[in-house]
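Peer 1: Encoded as structure tokens, here's the structure I'll be asking about.
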Amino acid sequence: MIALIAAHNEGDVIYHVIGDLIYNGVKVYLIDNHSTDNTIEQARSWLGRGLLHIERFPEDSGYPERNQREYVWRDILRRKEELAAHLRADWFIHADADEFRESPWLDMGLADGMHYVDSLGFNAIQFELLNFRPVDDDFIPGTDIRTHLTYYEPGELFNTTQIKAWKQTPHPVQLAQHGGHMVVFPGRRVCPVPFIVRHYPIRGETHGRRKVFAERKPRFAPEERALQWHVQYDEFIEGQTSFLHDPDLLTCYDAAVVRADILSGVIRDLLLMENLHGASAALTDTTLDGGAVCSWVTHISRELNPVHLATAVQANEFLDRMLQTPVNRQDISVADIPADRIPTLLAMARIKKAQATLHGNALKVKRLETFCHALRGAATSLQ
């Protein structure tokens, strides 16, 4: 197993990031994109101990010289695609230099968890993104960031899709197509149980000001910004924004609790799909048993009269239209939904969420959860 990491000025955390992967049974190939700090010096300690190579990008790979002064993410992703085609490994991870990846099972490390997924016939892994936030400016560079930043919040909607590990395939893989959020290749089968990625993009006020305003925003490739890439720092305005967070608005990381939440959610979805498909059908089949759907929707929505198939189909079509609406538009308002349709919509949304979970479509899952939250709020206001 090889993690492909690209880095630019991550010297304060790179030693522990590489070391954790190696400790968990994963080798590392590092692409250094013209760091001006001690990233290479810190990483070099692992050469011969699990770190396979430190590549100077773009010089060593022949990519355009502009990559020395600009952050051309598409070029870096294409370089990772090339490496995945030429390096010898059973699995690859498209990883970043400010994150730690973990198995969803407490008794399995990262490599062991990936081996288990492989044994079940899956060839791709999705990740649940947790963004850890600084609450002070006291982090000491070079120490383990996990011991200092212990509070997190869920990943942003635009960052929800995280299909970033895959089994070696005879077909070329595509990372650049979706901005690195998901790997694409023929025959992809995503494990429905997400692994965990602990993300530490900002380590404190001082680090945040330097990274965002000096090392990132000025270097983003203009054509990628035009594609709405690199939006993660748009909210930060120099001289006006603090990078520190209120711990009362965050969650303290508990490995057991996070894993229990992930696994219990997937189990609920698996049980639901088993009920709606019947034991003889594949759980990822998109065709459901109409009678079973109507029976379950009637039960879960607590309708006094049976829900007819036409009603369930209408609710499903409504949800499809909602999901086809761009994320940044609000064409469908829950305030316009009649109160008597809300229970059926909530039940059908639960079914669609379970299907999306089994297909590894994390963005659809998040959008359905957001819609249901708003729908429940509307229902409460009507009571």
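The values are calculated or read from the model by the stated rules, or taken from the named source; none is laboratory data. Bear in mind the structure is a predicted one, so any value in this text is a computation, not a measurement. So basically every Cβ, Gly included, is an ideal-geometry build from the backbone, and we count neighbours across all protein chains shown.
Peer 1: Give me the residue from segment 136-152 that is charged (D, E, K, R) and out of contact with any strand residue (DSSP E or B) (no Cβ under 8 Å at 6 or more places or on another chain) and, out of that set, nearest to Val17 (Cα to Cα).
Peer 2: Narrowing segment 136-152 to residues charged (D, E, K, R): 136-138, 144, 146.
Next, only the ones that are out of contact with any strand residue (DSSP E or B) (no Cβ under 8 Å at 6 or more places or on another chain) stay: 136-138, 144.
Working: Asp136: 21, Asp137: 20, Asp138: 19, Asp144: 9 Å.
That would be Asp144.
Peer 1: Does segment 229-246 contain at least one residue that is surrounded by 16 or more Cβ atoms within 10 Å (Cβ to Cβ) and free of Cβ contacts under 8 Å to residues at least 40 places away in the same chain?
Peer 2: Yes.
Peer 1: May I ask you to list pairs of residues, at least six apart or on different chains, whose Cβ atoms are under 6 Å apart, with the first in segment 194-214 being free of Cβ contacts under 8 Å to residues at least 40 places away in the same chain and crowded, with 21+ Cβ neighbours inside 10 Å and the second being among the small types (Gly, Ala, Ser) and in a loop (DSSP other than H, G, I, E, B)?
Peer 2: Nothing qualifies.
Peer 1: I need the full set of residues from segment 156-187 which are surrounded by 19 or more Cβ atoms within 10 Å (Cβ to Cβ) and of a type in the set (D, E, K, R), in order please.
Peer 2: Answer for segment 156-187, where residues must be surrounded by 19 or more Cβ atoms within 10 Å (Cβ to Cβ) and of a type in the set (D, E, K, R): Lys164, Lys167.
Peer 1: Now, a different point. Identify, from the list Ala43, Ala89, Ala84, the residue that is within 17 Å of Asn9 (Cα to Cα), out of contact with any Ser or Thr (no Cβ under 6 Å at 6 or more places or on another chain) and assigned by TED's automatic domain parsing to the domain that holds Asp20.
Peer 2: Numbers: Ala89 fails: within 17 Å of Asn9 (Cα to Cα); Ala84 fails: within 17 Å of Asn9 (Cα to Cα).
Going through Ala43, Ala89, Ala84 in turn, just one is within 17 Å of Asn9 (Cα to Cα), out of contact with any Ser or Thr (no Cβ under 6 Å at 6 or more places or on another chain) and assigned by TED's automatic domain parsing to the domain that holds Asp20: Ala43.
Peer 1: Please verify whether segment 78-93 includes one or more residues that are buried (at least 20 other Cβ atoms within 10 Å of the Cβ), over 16 Å from Val183 (Cβ atoms) and of a type outside the set (Lys, Arg).
Peer 2: no
Yes or no, residue by residue, for (1) assigned to a helix (DSSP H, G or I); (2) in contact with a strand residue (DSSP E or B) (Cβ under 7 Å, 6 or more places away or on another chain):
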{"site": "Asp75", "(1), (2)": "yes, no"}
{"site": "Glu81", "(1), (2)": "yes, yes"}
{"site": "Ala84", "(1), (2)": "yes, yes"}
{"site": "Ile93", "(1), (2)": "no, yes"}
{"site": "Asp107", "(1), (2)": "no, no"}
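Peer 1: Here are Glu128, Glu153: which of them is surrounded by fewer than 17 Cβ atoms within 10 Å (Cβ to Cβ), more than 25 Å from Asp37 (Cβ to Cβ), modelled with pLDDT of 95 or more and of a type in the set (Asp, Glu)? Walk me through how you get there before you give the answer.
Peer 2: Details: Glu128 fails: surrounded by fewer than 17 Cβ atoms within 10 Å (Cβ to Cβ).
Criteria check complete, one pass: Glu153.
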